[in-house]
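Please read the structure below before turning to the comments.
A short reminder: the numbers here are calculations on the coordinates, not readings from a lab. Predicted model only: the values in this text are computed from it and were never measured. Every residue, glycine among them, receives a Cβ derived from its backbone with ideal geometry; neighbour counts consider all protein chains shown.
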Amino acid sequence: LTCTIKFDSAQVSQLRALLTGLAREPTGGLLAKTPRVSSRVFSYAWILSSKSAVLLKMTWPNDFGRLSPGFLTILLSFTFQGAYCGLVVSPVGPTLVNAISGSNVTLAVSFSGAPDPAVTWFMKNFSLPVVTWAINSNTLPDIDENRRNVLRIEPNGSLTFVNVPLEYTSNYTIEITKSGLGRSSITFSLEVFSIPVQFLPAVGTRVDSEGKIVVAIQCVSEAWPKAVVSWSKGSEALTNGTPYQISSDTTQLEILGYNVSKFLLQNYFCNCSNPLGSQTREIVLTGPSISNSSLLSSQNGTIVTLTWEVPPTSVVTGFDIQMKGPDLLGKNHTQTSLDQFYTIQHEPGTNRSADIFILDPNLTYMFRIIPKALMTEGDPSAVHRIGPGEGLSRSAITGIAAGIPCGILFLVLLGGFIYFCVYWNKNKSRQTRYPLSRAVEKAITSQTETTPHNLLTGGLKSPPDYNRLQQTPSERSVALPTFGSPLPVRVATTV
């Protein structure tokens, strides 16, 4: 239990001199043990206040046992204004804590004066309670739902941050309470630092009052301390001045010029750095272009909406919406041919969609978008078609019309080829066959009846019939035949 005794402010100097003198005595004088002096604090027993009173803080029973009866008598001779006992919470270490984003950090405390007090941690100077718990309680700590992945409370009431994010930089106050003993609090200041993280540069284009193209490149990397941005073109460092303008916070570079070709094929670099590290990105500006486009029609087919996208580093100051087909209802346009695109409206460089009306749902229209940088035009977008003939383009119809007679001609040629093949095969099968003489027929018959192996052996004996040799004696109805040379056969050939 920690108790605080307050003395009369009129006797502050006398008491301070007395306590200071006692502390300097090598043997301790009236003290049972010599206290150590650390600035304003005499460890174990008292605090010398530089203000209007002296507070003597002692923990029962430890510190009281260190005082001799004589010293207690001197203390009682001073005007005694009162005493009170209560909770005390103290930081273990500095109250200004720095941490790297993603690391673990603990706001460490210790307390005395009562066992198992209730602990509450507040964020932003008591405005937001984030953790509530009773020391040594069997119940789980009550941690703010949005911070449970980061905050942990230790058994002694200290607050730990797990993988602390950058946005947790704030003041944190711990308050401990115990019924009948009041409350005690202390505030920490946590500052989270981080190296610059990966980022994507943003490019924007506009035309200023003098008619110049202004290309703005912005590089912002989340970091603390805040990252400082430096700019370069190739190996050349860029500074403020024509044609480059750098914003006061260094996060934006503006490039000014009348000709879009001045901006193209140049490698610009932005480097975001702070004491913990840096990140560099390269920006290569491209000419006016469209990366994707689409067309959406209203339900009755009288209004269409064109939408498109632009590459992130493309320099674009405006768009021309072009159409091919009959005039829109209520608008007359003089054109030489229905097969040519013509501009029907202009859109600023910041727009990414355009509505076109009024269309005749019974007619066919085609639309496209032309990106521009002042007078420089980029490649047109894909052509979008709408109308009754939406399924087939004019070129497809022409192809089909030309393909029909070609197909008929191919079928005629194929039929003729098949007929020729059948006719030729039939004539071949009708060739004249001459009758064979009786001698030839007899010779052929004799050849057929001759045993093949006798003709091929060349006078050698033929191999035995193994199928017969494998028969059992009971299966043999007659004795095995003897093999002899076949009778000679005369073969006649008629020419």
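Scanning residues 5 or more positions from Ala373 or on other chains, those with amide H under 5 Å from its amide H are Thr317, Gly378, with H placed 1.01 Å from N in the peptide plane.
Taking amide H as placed 1.01 Å from N in the peptide plane, Leu238 has its amide H under 5 Å from the amide H of Trp231, Ser232, Lys233, each at least 5 places away in sequence or on another chain. When you restrict to C-alpha pairs under 8 Å that are six or more residues apart and normalise by the size of region 88-193, the relative contact order lands at 36 percent.
Note on Lys212/Leu265: beta-carbon distance plugged into 1/(1 + (r/R0)^6) with R0 of 30 Å gives a FRET efficiency of 0.95.
Ranked by the mean number of other Cβ atoms within 10 Å of their residues, highest first, the peptides 291-297, 134-140, 106-112 fall in the order 106-112, 291-297, 134-140. Here each label is just a point 7 Å from Cα along the line to Cβ, and for Ala237 and Val422 those points are 9.2 nm apart. Once both labels are positioned 7 Å from their Cα atoms along Cα-to-Cβ, the gap between Ser189 and Leu363 label points is 7.3 nm. Distance between the pseudo-spin-label points of Leu256 and Phe126 (7 Å out from Cα toward the beta carbon): 5.4 nm. Close amide H partners of Phe193, meaning residues 5 or more places away or on another chain with modelled amide H under 5 Å apart, are Ala99, Ile100, Ser101. For region 202-284, relative contact order (Cα pairs under 8 Å, six or more residues apart, normalised by length) works out to 30 percent.
With a Förster radius of 30 Å applied to the C-beta separation of Ala401 and Ile344, the computed FRET efficiency comes to 0.45. Taking every alpha-carbon pair under 8 Å whose residues sit at least 6 apart, region 292-386 reaches a relative contact order of 35 percent. If the segment from Ser137 to Tyr244 were pulled out straight at 0.36 nm per residue, it would be longer than the present Cα-Cα gap by 32.1 nm. Coupling constants for region 376-382 follow from the phi torsions by the Karplus curve (6.51 cos²θ - 1.76 cosθ + 1.60, θ = phi - 60°), and in residue order they are 8, 9, x, 5, x, 6, 5 Hz; glycine and proline get x.
Computed 3J(HN,Hα) for region 225-234, one whole-Hz value per residue from the Karplus formula 6.51 cos²θ - 1.76 cosθ + 1.60 where θ = phi - 60°, is x, 4, 6, 9, 9, 10, 10, 8, 10, x, glycine and proline marked x.
Sorting 180-192, 219-231 by their mean Cβ neighbour count within 10 Å, with the most densely packed peptide first, gives 219-231, 180-192.
Specify whether the C-alpha gyration tensor of region 202-284 places it in the rounded, prolate or oblate class, a ≥ b ≥ c being the square roots of the eigenvalues: rounded for a/c under 1.5, otherwise prolate if a/b is larger than b/c and oblate if not.
Verdict is prolate for region 202-284.
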